[in-house]
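One structure is given here, and the rest of the page talks about it.
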Amino acid sequence: MKAIGIQFSLAIITSLLMLTNISAIQTAEAHGGVGSPGHERFESITITQHAFAEESKIPDWVRNIFIWYGQEQISEDDVLNAITFLVANQIIQIDVANQSMGMMNQGMMMQNVLFNVDAPIIMPMIDGYYKGNKVNFVHTEVSDSGMAEMMTSMINFPTLHVPELKNIPEDQTAKVYVFTNGIPGSEPYGGGPFMFQIDVFDSIPGQAEYSQFRVPYLVTWNENAKPRILTSESNILKAEANGELTIQKSDNVVNAPMITWEIQGGYGATMAKASMVPRIFESMQVEGELTFFDVNNHIAVFKLHSENS
């Protein structure tokens, strides 16, 4: 499947930001003074973190992208992909942007746009639990349209509806436990797709039972139970055995590759990370090379490669 590349020129980025009332000044001190490396890159685009205050319409995952660009930590293509997403989701609505995007009609969502497999893509990383430890993952596709809408709303980034994921054999899938009630979710994305505590995984990369293709198991606290945060599959199953909650296997499959996770080694616990994610977009037959990630700001940058090339 050929991908459609959406190209922007840096000449319109300043207009995009100005027309969305994003105006701020990157202080000279933050870059070591006028004339310091990276200062010239902010002559036309200068922005600080306070431009992304809580009242801003810019999603949290976009935070720091322009600052990182000025510091040469990410590439021009990364910035352009971020702008692409803002325009495609009508967070930025201007004629010059729509003209530059040519092939896009007003109101078209990212789900209807094929990614350029030769360009990077910036995606929000999501928190989860495995055996009491935090992990980070991305979800790219899901077999159910309703779940796709919930996941898209959850992180303000498209989760593609791909019905064909249901064709993946069950023995090639793993489990993810999704809470439908109980303890309200927290930042940065309000918890899981139902806005309660974050998801719990049954496996991590390197284990025989690991798969990025997950069947969601819906966890519901019973009426007389006292909800609490559960951080492992064993704790969930114990609570079920005690009659505190019920677990219902869904008919859905979600593509949710894990990006960072904790492993135990000879020197104690360390953080592992993915380097290449095969089938990151199963529907487009592409793999994702992880080129940059920031756990604190929940951002991952992938370079997409065609698996057929």
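The values are calculated or read from the model by the stated rules, or taken from the named source; none is laboratory data. Bear in mind the structure is a predicted one, so any value in this text is a computation, not a measurement. Glycine also receives a Cβ, built like all others from the backbone with ideal geometry; neighbour counts cover every protein chain displayed.
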- Task: Go through (1) among the aliphatic types (A, V, I, L, M); (2) within 18 Å of the chain's Cα centre (by Cα); (3) part of a helix (DSSP H, G or I) one by one and return the number of the condition L165 breaks.
- Result: (2)
- Condition check for F292: in contact with a helix residue (DSSP H, G or I) (Cβ under 8 Å, 6 or more places away or on another chain), in a strand (DSSP E or B) and among the hydrophobic types (A, V, I, L, M, F, W, C): yes
- Query: How many of the residues in region 188-214 are surrounded by fewer than 19 Cβ atoms within 10 Å (Cβ to Cβ) and not in a loop (DSSP other than H, G, I, E, B)?
  - Reply: 0
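Return the only residue of V178, V200, V142 being within 21 Å of F302 (Cα to Cα), at pLDDT 90 or above and not acidic (D, E).
V142
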- Are there any pairs, at least 6 apart or on different chains, whose C-beta atoms fall under 6 Å, with the first in region 229-245 and touching a residue at least 12 places away in the same chain (Cβ under 8 Å) and the second in a helix (DSSP H, G or I), and if so, which? L230/I236; L245/A239
- Examine region 226-233 for a residue that is crowded, with 18+ Cβ neighbours inside 10 Å and not in a loop (DSSP other than H, G, I, E, B), and state whether such a residue exists. yes
- region 123-134 residues that are outside any loop (DSSP other than H, G, I, E, B), paired with ones that are surrounded by fewer than 19 Cβ atoms within 10 Å (Cβ to Cβ) (beta carbon under 7 Å, 6 or more apart): D127/K134; Y129/T231; Y129/S232; N133/E262
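Within region 145-162, can you find the residues that are part of a helix (DSSP H, G or I) and of a type outside the set (A, V, I, L, M, F, W, C)?
Within region 145-162, S145, G146, E149, T152, S153 meet the criteria.
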- Query: Restricting attention to region 217-228, which residues are in contact (Cβ under 8 Å) with a residue 40 or more places away in the chain and either of a type in the set (S, T, N, Q) or under 18 Å from K175 (Cα atoms) (or both)?
  - Reply: Y217, L218, V219, T220
- Message: Which residue is surrounded by the most Cβ atoms within 10 Å (Cβ to Cβ), if the candidates are limited to region 252-287 and must be over 23 Å from T231 (Cβ atoms) and among the β-branched types (V, I, T)?
- Response: V253
- Message: With under 20 Å from N133 (Cα atoms) and either touching a strand residue (DSSP E or B) at 6+ places or on another chain (Cβ under 7 Å) or at pLDDT 95 or above (or both) as the only criterion, which of L230, L245 stands out?
- Response: L230
- Go through the residues of region 259-271 one by one and say whether even a single one is assigned to a strand (DSSP E or B), at pLDDT below 95, hydrophobic (A, V, I, L, M, F, W, C) and touching a Ser or Thr at 6+ places or on another chain (Cβ under 8 Å). yes
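Table: residues versus (1) modelled with pLDDT under 90; (2) buried (at least 17 other Cβ atoms within 10 Å of the Cβ); (3) under 27 Å from V295 (Cα atoms).
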{"residue": "E55", "(1), (2), (3)": "yes, no, yes"}
{"residue": "I65", "(1), (2), (3)": "yes, yes, yes"}
{"residue": "A88", "(1), (2), (3)": "yes, yes, yes"}
{"residue": "S100", "(1), (2), (3)": "yes, yes, no"}
{"residue": "M108", "(1), (2), (3)": "yes, no, no"}
{"residue": "G132", "(1), (2), (3)": "no, no, yes"}
